[in-house]
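Please read the structure below before turning to the comments.
The values are calculated or read from the model by the stated rules, or taken from the named source; none is laboratory data. None of these values were measured; they are calculated from a predicted model. Cβ placement follows ideal geometry from the backbone for every residue including glycine, while neighbour counts extend to all protein chains displayed.
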Amino acid sequence: MTLIEDTPVSHLPRNEEWTPSELRRVVVRLAGGEVVQLGTAPNRQSALVLARTFIAELEEPQGEWPVVGDRMLRPDSIVSVDVLTNT
């Protein structure tokens, strides 16, 4: 499984209905306390879709560890997938 991380906001479709304050970060919290960014989204709904897609891939593994950025994460090391406001 491969996920794209850190999609630059400038490459997202321009939508006049949202403002930068609606941006969300989706992060993965690991058992050791480390936080790894999964990606960004223009609003909460899009961030939830990204988070749920990642969770679905964890729940039905294809025999590979999930790839986040340049790292392969051991599935049992993942504590949570969080949607955060981009502050």
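A few comments on the model shown:
- Flag for residue 40 being of a type in the set (Val, Ile, Thr), touching a Ser or Thr at 6+ places or on another chain (Cβ under 9 Å) and at pLDDT 60 or above: yes
- When the range 40-59 is filtered for residues that are closer than 18 Å to residue 21 by Cβ and in contact with a helix residue (DSSP H, G or I) (Cβ under 8 Å, 6 or more places away or on another chain), the ones remaining, listed by number, are 40, 41, 42, 43, 44.
- Selection of first residues in the range 51-63 that are touching a residue at least 60 places away in the same chain (Cβ under 8 Å) and of second residues that are part of a loop (DSSP other than H, G, I, E, B) and among the hydrophobic types (A, V, I, L, M, F, W, C), restricted to Cβ pairs under 8 Å at least 6 apart or on distinct chains, gives the following pairs, ordered by first then second residue: 62/1.
- Residue in the range 60-80 that is among the charged types (D, E, K, R), out of contact with any helix residue (DSSP H, G or I) (no Cβ under 6 Å at 6 or more places or on another chain) and either modelled with pLDDT of 95 or more or not in a loop (DSSP other than H, G, I, E, B) (or both) present: yes
- Some residue of the range 4-20 being at pLDDT below 95, outside any loop (DSSP other than H, G, I, E, B), more than 15 Å from the chain's Cα centre (by Cα) and of a type in the set (Asp, Glu): no
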